[in-house]
Amino acid sequence: MCGIVGYVGSQVASDHPLDVVLEGLRRLEYRGYDSAGVALVSPDGRLSTAKKAGKLANLVEELDLRPLPESTAAIGHTRWATHGGPTDVNAHPHVAGKLAVIHNGIVENFASLKAGLVADGVEFVSETDTEVAAQLIARAYESTGDLTAAMTEVARSLHGTFTLLAVHEDAPGLVVGARHDSPLVVGIGQGENFLGSDVAAFISHTKEALELGQDQVVTITPDTVTVTGFDGLPAEARRYTVDWDAAAAEKGGFASFMDKEIHDQPHAVADTLLGRTDAHGRLVLDEVRIDESVLRSVDKIVVVACGTAAYAGHVAKYAIEHWCRIPVEVELAHEFRYRDPVVNERTLVVAVSQSGETMDTLMAVRHAREQGAKVLALVNTHGSTIPREADAVLYTHAGPEIAVASTKAFLAQITAAYLLGLYLAQLRGNKYADEVGEILIELRAMPDKIQQVLDRADRVRQTARSMVDTSSVLFLGRHVGFPVAMEGALKLKELAYIHAEGFAAGELKHGPIALIEEGQPVFVIVPSPRGRDSLHSKVVSNIQEIRARGARTLVIAEDGDTDVLPYADEVFYVPQSPTLLAPLLAVVPLQIFACELATAKGLDVDQPRNLAKSVTVE
Ligand code: F6R
């Protein structure tokens, strides 16, 4: 939530710092798009700012009308509103005297701090918590004459979550940042340095990055990067090289990032599987640096995650319980954290997150570790907070996911969860190596099968376009089809703003069937007829039951399944696969359906209303 960019460059830099910052904001706009703003300090020490409510395009228009002067230091912000509505005045940066500040997060003690400042005669122009931080840093600068010291002093006094960046007229060649429970990475250039909420902010300039730790302050000049702790002492930050390039964060000829990311899915799955076996074909997950004896003694797994990532966790439950015979609970991270869950040193907590920054999931990770549990993170974004705080990480290799609605990360999360399940089964002796090997062969065939689903998607698109006036769609599934149904419903809600619900098909007769009336569209995810005997026939019966009550049945079934034909208004076939792996295929038509329907309604599928990628506040 909220995208932050900072830049300092010597005047020989080919780009104008403002352009660098605007490009960074364009790449970070998925983090929030309620308003955007920039602040620049020119070499002769003049601060200038511009900010505008609405998307970045509004700010760019404003800058065309009212250009800002040359500069060597610049900061930029794209906002997801928390304190104060999405107006020009509440947009960042916030100025206090000669200083400008941008902020991601929430300063929880802002009211008491503000009261103190107001009592001292300070006047506020916005409703934001950020302006309080700006005023405090400006005052601290007056007494210290040092922007880094001023930022450090104020950072210590703030509660809540924050990344703050500041520039000051009297310090024209530097940008100072601080982070506490909110993301901030450094991009290392030649004669220029960068700050960003994530590496996308500067990926077209450098792939060399520094991962800042918790409670650190960073000061960048064109030639130096200095990292200190909130105690003012020098601190370490991990240097790494980003393993994807700017092209991966572009639309590459697709109409939207979402469309591109849906089409990236065969690669996301293949890359997540890549390099995870040794010369003998044995699964090796080197990153899982939790002692093998600890993993052998685990007697319960708890998956914590939110939204789509939680649905990946539900799929993981079916696979891990089946392969490893360990009980698996899946819990929304925000519920887990606040209900005194039973976890101990024999519990393995698996935190699933694309961004690695979701605050609810991070809080669940911290709580689990406090209870003595080991935490394994399944995360897509390198340099993010959750893997840093977990005991181990298994990275998904989906590449950058820019569209707000998660697609390729979901498939990569499911894939990584399968790998984890197989690894535990191998380690704990639940499966022989050749059994694990056979499932790995099936898994490696999945990228081609996903490609086949993509190649056949025209009918799904046609159906979606014919349904622009639909006001409600239901989704039914059993077994691993149940989380797929919930994910299909979530995609439709968030992209097309249509009421949608996913149900376990077996639950139908316990209530939801009352919703069925003439013409009600219902997607049904049908399990393989070759899988567990009764599962398939039970779902086919469910289709008959809703069809008999007037539902329009949209069926996702495996190639060759003719049993569904008499009861289906439409069938979207997907290639055959083992039941447990089928979610990787069945969800794809549902993603395409939601994307196409929203597009046909004229909606922005990359930036749906009210949402932001990376929910970094609780
Ligand atoms: C839905 C979606 C969200 C995220 C959720 C968790 O399309 O993207 O539901 O899955 O906010 O985000 P991460 O995976 O970054 O923790």
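The values are calculated or read from the model by the stated rules, or taken from the named source; none is laboratory data. Just so it is clear, the structure is predicted and the values come from calculations on it, not from any experiment. Cβ atoms come from the backbone with ideal geometry, glycine included; neighbour counts cover every protein chain shown.
Select the strands (runs of 3 or more DSSP E) contained entirely in segment 36-116, then report the ones holding at least 3 residues which are at pLDDT below 90 and surrounded by fewer than 19 Cβ atoms within 10 Å (Cβ to Cβ).
none
Pairs meeting the criteria (first residue in segment 472-491 and modelled with pLDDT of 95 or more, second residue among the charged types (D, E, K, R), beta carbons under 6 Å, at least 6 apart or on different chains) are L474/E501; A489/E501. With the condition kept exactly as written, say whether any residue in segment 55-72 is assigned by TED's automatic domain parsing to the domain that holds E23, closer than 21 Å to F194 by Cβ and in contact with a Pro (Cβ under 6 Å, 6 or more places away or on another chain). Yes.
Return a yes/no flag: does segment 535-558 have any residue that is among the charged types (D, E, K, R), under 33 Å from the mean Cα position of the chain (by Cα), closer than 26 Å to A457 by Cα and away from the ligand (no atom under 16 Å from the Cβ). Yes, that holds for at least one residue.
For a quick check of your reading of the model, give me the residue pairs whose first member lies in segment 337-355 and is assigned by TED's automatic domain parsing to the domain that holds T396 and assigned to a helix (DSSP H, G or I), whose second is within 16 Å of the ligand (Cβ to nearest atom) and acidic (D, E), with beta-carbon atoms closer than 9 Å and at least 6 apart or on different chains. If the second residue must be within 16 Å of the ligand (Cβ to nearest atom) and acidic (D, E), the pairs left are R337/D360; R337/E618. Out of curiosity, is V365 more than 13 Å from the ligand (Cβ to nearest atom), at pLDDT 95 or above and either closer than 24 Å to V199 by Cβ or not small (G, A, S) (or both)? When the stated conditions are applied, V365 does not pass them. Applying the criterion of being more than 9 Å from the ligand (Cβ to nearest atom) and part of a loop (DSSP other than H, G, I, E, B) to the residues of segment 385-412, the residue that is surrounded by the most Cβ atoms within 10 Å (Cβ to Cβ) is T396. Modelled with pLDDT under 95 and either within 13 Å of the ligand (Cβ to nearest atom) or not charged (D, E, K, R) (or both): is that true of Y338 in this structure? Criteria met by Y338. None of K449, K431 is of a type in the set (K, R), outside any loop (DSSP other than H, G, I, E, B), surrounded by 18 or more Cβ atoms within 10 Å (Cβ to Cβ) and not assigned by TED's automatic domain parsing to the domain that holds V199 except K449. In the set (1) within 15 Å of the ligand (Cβ to nearest atom); (2) small (G, A, S); (3) outside any strand (DSSP E or B), A377 fails one condition alone, (3).
Listed by first and then second residue, the pairs linking a residue in segment 139-150 that is surrounded by fewer than 19 Cβ atoms within 10 Å (Cβ to Cβ) to a residue that is outside any helix (DSSP H, G or I) and charged (D, E, K, R), with Cβ atoms under 8 Å apart and 6 or more places separating them unless they lie on different chains, are G145/D170. Taken over segment 225-271, the criterion of being assigned to a helix (DSSP H, G or I) and acidic (D, E) is satisfied by D259, E261, D271. Quick one: in segment 286-320, of everything that is of a type in the set (K, R) and farther than 15 Å from A377 by Cβ, which residue is farthest from the ligand (Cβ to nearest atom)? Residue satisfying both the conditions and the ranking: R296. Looking across segment 486-510, the residues that are part of a helix (DSSP H, G or I) and either more than 15 Å from the ligand (Cβ to nearest atom) or more than 15 Å from G307 (Cβ to Cβ) (or both) come down to A496, A505, G506, E507, L508, K509, H510.
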